[in-house]
Amino acid sequence: MAVVTFLSAKGSPGVTTTALLAAALWPRPALLLEADPAGGDVAARLSAADGAPLDTGRGLLPLLTAARRGLDAAAVLDQAQPVAGGSRVVLGLTGPQQAAAGGRGWAALTAAVEDLGAGPGQEGTDVLLDAGRVGAAPVHLDLLRASDRVVLLVRADAAAVLHARDRLRLLGTALRRRDGLLPRTGVVVVGDGAGRGRDAAGAVEVLRAAQPWVEDLGRLPHDRTGAAVFTGTPVARPERTALVRAGRVLVTALAGRAVHPAPRSAA
Ligand SMILES: Nc1ncnc2c1ncn2[C@@H]1O[C@H](COP(=O)(O)OP(=O)(O)OP(=O)(O)O)[C@@H](O)[C@H]1O
Ligand SMILES: [Mg+2]
């Protein structure tokens, strides 16, 4: 069982899209936990596997609320529901107010997530976490620190790279665990379009020069059609889109194994 966290420093480089992409291609049983303190997007973007609206009564909020009485891994699995395309998702919050009200519930949730895979019938449920934008005092710091891998999404423009550099410096301190180790942390540059390859390489160079412990996890293309799959728009042959093809390479690097065949269209 592994916890893989996707986050950004600023802007909207595609954290939610990439987390959904990874969930669709993940080679082992997995669930996507929408833990962005700014609020979740999946319920508004995707439908249930049968085309009905997703059940917004289930998700992260009931977990944080129940956490005061203690949480276990089964409770987390209970709040997951299949979305169109087949991935299992724990839907996120409505916004920062709910995130702040979660209080110590975040720590209990972290313990339950770490327990996933330990109970009967739960072996090998990996957790893909959409952590949203991460600032100086993230309410979900415990979850971030408990991650096996952290993936920072960044666009290649100069401002985005500078914000990412600042945030990686902060994460290098904030995510350090009691044993002194950090989650394995990498960067994915989004928007490596025609003629912009040099920008992406330059972005990684800047980030790794400042934070050499950060890995280069490659690129994701700017691909509106591929991204539309994860907003519920019907897309013919999603497996042929540049984004899904690049997603396979990323997932192979993250999951450390060959990946499944194509996801079905999320429409
Ligand atoms: N690789 C991509 N190519 C083209 N468009 C993309 C890509 N990734 C995401 N998008 C689009 O960019 C917009 C923002 O994406 P998304 O919501 O995934 O970003 P985010 O980083 O999660 O943003 P936020 O911080 O607001 O939650 C969406 O319209 C999405 O479809
Ligand atoms: Mg998002």
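The values are calculated or read from the model by the stated rules, or taken from the named source; none is laboratory data. On a predicted model such as this, the values are computed, not experimentally measured, just so you know. All Cβ positions, even for glycine, are placed from backbone atoms using ideal geometry, and neighbour counts span all protein chains on display. Accessible surface areas use protein heavy atoms only, side chains included; no ligands, DNA or RNA. Shrake-Rupley method; radii C 1.70, N 1.55, O 1.52, S 1.80 Å.
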With all protein chains present, calculate the accessible area of Val139 using a 1.4 Å probe and round the result to the nearest 10 Å². 60 Å²
Anyone know which of Val235, Val127, Val89 comes out most mobile in the 10 Å Cα GNM of the chain? Val235
Computed ³J(HN,Hα) along segment 44-58: with the Karplus parameters 6.51/-1.76/1.60, θ = phi - 60°, integer Hz and x for glycine or proline, the list is 7, 9, 10, 9, 6, 4, 8, x, 6, x, 5, 7, 6, x, 10
Any idea of the accessible area per residue across segment 167-238, 1.4 Å probe, to the nearest Å²? 54 Å²
Fraction of beta bridges assigned by DSSP in the chain that are antiparallel (%, nearest 5): 10 percent
In terms of modelled amide H atoms, which long-range or inter-chain residues lie less than 5 Å from the amide H of Ser47? Ala84
Carbon and sulfur together cover what percent of the accessible area of segment 3-255 at a 1.4 Å probe radius? 52 percent
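Tally Lys/Arg at +1 and Asp/Glu at -1 over every other residue whose Cβ is under 14 Å from the Cβ of Arg208; what's the total?
Details: positive: Arg165, Arg169; negative: Glu205, Glu215, Asp216.
Local charge sum for Arg208: -1.
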Check which residues have an amide H placed less than 5 Å from Thr185's amide H, if you skip close sequence neighbours. Val150, Glu215
At 1.4 Å probe size, what's the solvent-accessible area of Asp166? Round to the nearest 10 Å². 60 Å²
Note the full-extension length gain between Trp213 and Thr94 as 0.36 nm times their separation in residues minus their Cα-Cα distance, in nm to one decimal. 39.4 nm
In what sequence, largest accessible area first, do Arg69, Arg248 appear using a 1.4 Å probe? Arg69, Arg248
At most 15 other Cβ atoms within 10 Å and a DSSP loop assignment: could you name the trypsin sites (Lys or Arg not before Pro) in segment 126-200 that fit? Arg176, Arg177, Arg178
Using a Förster distance of 30 Å, how high is the FRET efficiency between Leu162 and Asp72, based on the Cβ-Cβ distance and rounded to 0.05? 0.10
Choice from Leu220, Leu77, Leu152 with maximal GNM fluctuation in the chain (Cα, 10 Å cutoff): Leu77
Give a residue-ordered list of calculated ³J(HN,Hα) values for segment 217-230 (Karplus: 6.51 cos²θ - 1.76 cosθ + 1.60, θ = phi - 60°; whole Hz; x for Gly, Pro). 9, x, 10, 10, x, 6, 9, 4, 5, x, 5, 4, 3, 9
